[in-house]
Structure formats: C-alpha cells, structure tokens
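This report refers to the structure that appears directly beneath it.
Read-outs: derived from the displayed coordinates by stated rules, not from any lab. Treat the numbers as computed from the prediction; the structure is a model and nothing was measured. Using ideal geometry, Cβ is built from the backbone for each residue, glycine included, and neighbour counts are taken over all protein chains shown.
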C-alpha cells in the first residue's frame, strides 16, 4: 500500500470516519484497482509511475466525475480533473468543499497536502493570450504535481522583443514548456536560446490554414532547434507531466 494511502486510512480511523474493521477491509482490498462499474481506478499509479490517477472529465457525466473524485479522496489520493465544467466543479464541491477550479484552464483539483518536490522551477511560456487555456492547464497540472511554476504570457514571435525581455527568467528554469498556435514558431525560437529541455505544445488557435493546430504541430515537429520534444495539440496536461518528471530527476 502507498504511504499516503495508509496515512489517510489511519487519519480516518483517528477521527472516527472509519472503524478499525473498515480500515482493515480497505487495506486488504488494496490491489491497485478500484472497480466502479463505469470506471476502474488505478490507485497504485502514483507509486508505480510517479504520476497519480487523473480524471479526464470530457465525455463523462457530472455524476461520474463526482463519484470518481469521491472515491479517489476516500482512498487518500489527491484529486485532479482536466477539461472539467463549472457544473462538475459545483458537484464535487458538495463532497470536497476545499476543491479548487480554474475556469480558464478547466482544471479542478484538491490536495491533502501541498508540497514542492521539484528540483527547480518550470517555465510555461505562451505565445498569445488566446493560448492561455492550454497554458493554464499546464500551469495548474505542474503545480498540482509539486512543482514551482513561472508563467510567462503573450511573448509570441510577432513581437519578439517581449520574449527577450523575459529571457533571464526563462533561462533560469529547469524545463521550459512553450505553448503556441498559428505557425507554432515559439518553440524553435526558445529552443535556440536556452540550454534546458523544451516541450512544445501546439494549440488549435489560428485561422483556417492552421487546420485546428495541425500546422503548429508540424512546425514544432520540424523544428531545427535541438532539444525540443512535442506533445499533442492542446495537451497542456501531457506537457506538464513530462516537465514534472524531468524536474524531479536528480
């Protein structure tokens, strides 16, 4: 059993929320899986991979998200949901009053205890204000995973002097996430200026020839700057997970 899960069970026994017999039952059933009928939770994911089980809320009902969040909390697992709606937030708030929600990123989270475990900070650099929903998803996820984050917004290549004004802050990061739509050039520019890993996140922001982010994706994949990796279109969550793993390496 994961240390945090065991600690949560013992705390529930201490406060009277669980009897000793119920806690023993929970512990004996701890096989890393929690069957819910409509979902099977991977309760051992954090210990196994360094990343906790996360709720991808898109496509799920309000009641499903609420039930999963409640089950995760009962198992002592911190709750993170991406692409969550305000209605989902309000429903989860009835069982977890301290849950937080960012309407821009559509990320909802609850932590039993917040602790910084990253070795340095992660810089999230967004080209334009229109890219903020994806950038904020990366920021919220990276912070949830125990990282210090510096957000640097509206520094796209159309006014490249804005980027240079923040260059010292970007260079001081241990990992850099660049978020850009349109032609997706920001990752290449940053990759040519820093000696840290750069993770490019193409966004679906742009006019018709942007093809809902495909052109930005291809631009980043074709970058001539070395040291750049690329995640899927609008996947701020995935970029933050990769950055967090890098930031926790010795």
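Rounded, prolate or oblate: pick one for the stretch 81-129, where a ≥ b ≥ c are the square roots of the eigenvalues of its C-alpha gyration tensor, a/c under 1.5 means rounded, and failing that, prolate if a/b is larger than b/c, else oblate.
Note, shape of the stretch 81-129 comes out oblate.
Show me 161-168, 80-87 ranked by packing, highest mean number of other Cβ atoms within 10 Å first. Present the calculation step by step, with values, prior to reporting the outcome.
Values: 161-168: 13.0, 80-87: 20.0.
Listed from highest to lowest mean packing, they are 80-87, 161-168.
Let me know the shape class of the stretch 55-173, please: from the alpha-carbon gyration tensor, a ≥ b ≥ c as square roots of the eigenvalues, rounded when a/c is under 1.5, otherwise prolate if a/b is greater than b/c, or oblate. Write out the running numbers ahead of the final one.
On the way: a/c = 3.67, a/b = 1.82, b/c = 2.02.
Here the stretch 55-173 falls in the oblate category.
Quote the relative contact order of the chain in percent (integer), defining contacts as alpha-carbon pairs under 8 Å separated by 6+ residues.
Details: 493 pairs, mean separation 34.9, N = 250.
After rounding, I find 14 percent.
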Inset, instruction - Just rank 21, 148, 34, fewest to most, by other beta-carbon atoms within 10 angstrom. - result: 21, 148, 34
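Kindly rank 35-48, 220-233 from highest to lowest mean number of other beta carbons found within 10 Å of each residue.
Details: 35-48: 13.9, 220-233: 16.2.
In descending order of packing, they fall as 220-233, 35-48.
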Legend entry - Equivalent ellipsoid, the stretch 3-110 (semi-axes from 5 times Cα gyration tensor eigenvalues, Å): 24, 15, 13
